[in-house]
Amino acid sequence: MTDSIVLLGSTGSIGTQTLDVCRALGLRVSALAAGGNIGLLERQATEFHPELVAVYDENAARALETRLRGSGVRVLSGEAGVLEAARLDCGTIVNAVSGSAGLAPTLEAARLGRRIALANKESLVVAGERVMALARESGAEIIPVDSEHSAIFQCLQGARGNKIKKLILTASGGPFYGKTRKETLLKMRNATPETALAHPNWSMGAKISVDSATMMNKGLELIEAMRLFDLRADEIEVLIHRQSIVHSAVEFEDGAVIAQLGAPDMRLPIQYALTYPQRLPGAAPPLDLAAAGALTFEKPDLDAFPCLALAYETAGRGDHACRVLCEADERAVSMFLAGEIGFFDICEYVKAALANI
Ligand code: NDP
Ligand code: MG
């Protein structure tokens, strides 16, 4: 188990839940980094007394430096500052930055042979082949935080080297999932940033919430799983599981399927990444299976969720194509959130970007 962490993206959904885990386990926080939310960073720095705090936005960093003067906390700025935080020696670096901005710190930590608790799935989508090769060379350990990948990682602890036949990656289906294709498409036609952000089971940052509504999130997770577990896309099946209780499963050669179940609470996979290979009481609530009731599984409708189909088509094409998919999606989601394009345009935008390579 780790005794200290460096936390990148500390002000976000995963970042704040990671600090809940640190409070529950009494872990030391050596460094914090975020984009620009210095109000929250100041409170976090005051509570956790890290050696350094890095703020990507230079003006925000200057303002935070003034506020923290005399506290003994070093304040760094810009991408260079975030990278210096990533280089700090620690038990585990938690990368909870959103989007492809998370890649550079992942590469840095992988190069240095660190243990990385990786929430930033984009790192493994835009440059997964490179990240995994660097980690193999340096001996860096990458422990997934994404709930599906943490589930698979947990299932594999009992595999004793046996070959995986396939992975079952579960998906909630997001806020627009309907009983029929017609109902789904109708909900999507009326989609606004507000309705796209209202996820039924999880409270997450804006980008991943919209990705869940288009199911591009599952597409990115497909590529993430290929890189982490060294599998092909056709060895990974996506199933809709509306209740988000079965977080994913592994099928072995003999037909046995081992799954990990839990309450839909990210603090459990975050904590496992920090206590691995141990398990400790912590911040997440226990699972009440009787209260959860029926658990259902169905195949996704790729016509209603073309982003998932696009990810399946792109997944086998290597880092460059996956990077185009991921970065185009990031731009499209931010345009959708700014009200500049409609919900269906997100997929069209990504499709057009892929057509150009
Ligand atoms: P949020 O949008 O809630 O938080 C993003 C964090 O990244 C914030 O702390 C933000 O700082 C920081 N940040 C943004 N840009 C930079 C930058 N250039 N340098 C340093 N910090 C930066 O996102 P989430 O917590 O939801 O997601 C984080 C990652 O985890 C994503 O890759 C997502 O896919 C993944 N993930 C999230 C899950 C969830 O439940 N939320 C589940 C599984 C995976 P600031 O706010 O100050 O701008
Ligand atoms: Mg996930």
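The values are calculated or read from the model by the stated rules, or taken from the named source; none is laboratory data. Note that the coordinates shown come from a computational prediction; the quantities given were computed from them, not determined experimentally. In this analysis, Cβ positions are derived from the backbone assuming ideal geometry, glycine residues included, and neighbour counts consider all displayed protein chains.
Among the candidates Ile93, Ile14, Ile5, the residue that is part of a helix (DSSP H, G or I), closer than 22 Å to Met266 by Cβ and modelled with pLDDT of 95 or more is uniquely Ile14.
Of the residues making up segment 142-149, none is at negative phi, acidic (Asp, Glu) and free of Cβ contacts under 8 Å to residues at least 60 places away in the same chain. Taking first residues from segment 197-225 that are within 16 Å of Arg331 (Cα to Cα) and partners that are of a type in the set (Lys, Arg) and within 7 Å of ligand 1 (Cβ to nearest atom), the Cβ contacts under 8 Å between residues at least 6 apart in sequence or on separate chains come to Leu220/Lys121. Every condition in (1) assigned to a loop (DSSP other than H, G, I, E, B); (2) touching a residue at least 12 places away in the same chain (Cβ under 8 Å); (3) out of contact with any strand residue (DSSP E or B) (no Cβ under 6 Å at 6 or more places or on another chain); (4) not polar (S, T, N, Q) is met by Ala60 except one, and the failing one is (1). The criterion of at least 1 residues that are closer than 26 Å to Ile142 by Cβ and in contact with a Lys or Arg (Cβ under 8 Å, 6 or more places away or on another chain) is met, among helices (runs of 4 or more DSSP H) falling completely within segment 272-354, by 306-315, 318-337.
Here is a yes/no grid of residues against (1) surrounded by fewer than 19 Cβ atoms within 10 Å (Cβ to Cβ); (2) over 29 Å from Pro300 (Cα atoms); (3) away from ligand 1 (no atom under 16 Å from the Cβ); (4) of a type outside the set (A, V, I, L, M):
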site: Pro105; (1), (2), (3), (4): no, yes, no, yes
site: Ala109; (1), (2), (3), (4): no, yes, no, no
site: Ala127; (1), (2), (3), (4): no, no, no, no
site: Gly139; (1), (2), (3), (4): yes, yes, yes, yes
site: Pro144; (1), (2), (3), (4): no, no, no, yes
site: Cys155; (1), (2), (3), (4): no, no, yes, yes
site: Thr170; (1), (2), (3), (4): no, no, no, yes
site: Arg181; (1), (2), (3), (4): yes, no, yes, yes
site: Met188; (1), (2), (3), (4): no, no, yes, no
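Within segment 28-40, residues that are surrounded by fewer than 24 Cβ atoms within 10 Å (Cβ to Cβ) reach partners that are among the charged types (D, E, K, R) with beta carbons closer than 7 Å, at six or more positions or on different chains, in the pairs Arg28/Asp3; Ser30/Glu51; Gly35/Asp57; Gly36/Asp57. Look at (1) surrounded by fewer than 18 Cβ atoms within 10 Å (Cβ to Cβ); (2) touching a residue at least 40 places away in the same chain (Cβ under 8 Å); (3) basic (Lys, Arg) and you find that Arg267 fails only one, number (1).
Of all the residues that make up segment 229-240, how many are crowded, with 22+ Cβ neighbours inside 10 Å and more than 12 Å from ligand 2 (Cβ to nearest atom)?
In the first step, residues of segment 229-240 are kept if they are crowded, with 22+ Cβ neighbours inside 10 Å; the result is 236, 238.
Next cut, more than 12 Å from ligand 2 (Cβ to nearest atom) only: 236.
Adding up the residues that qualify gives 1.
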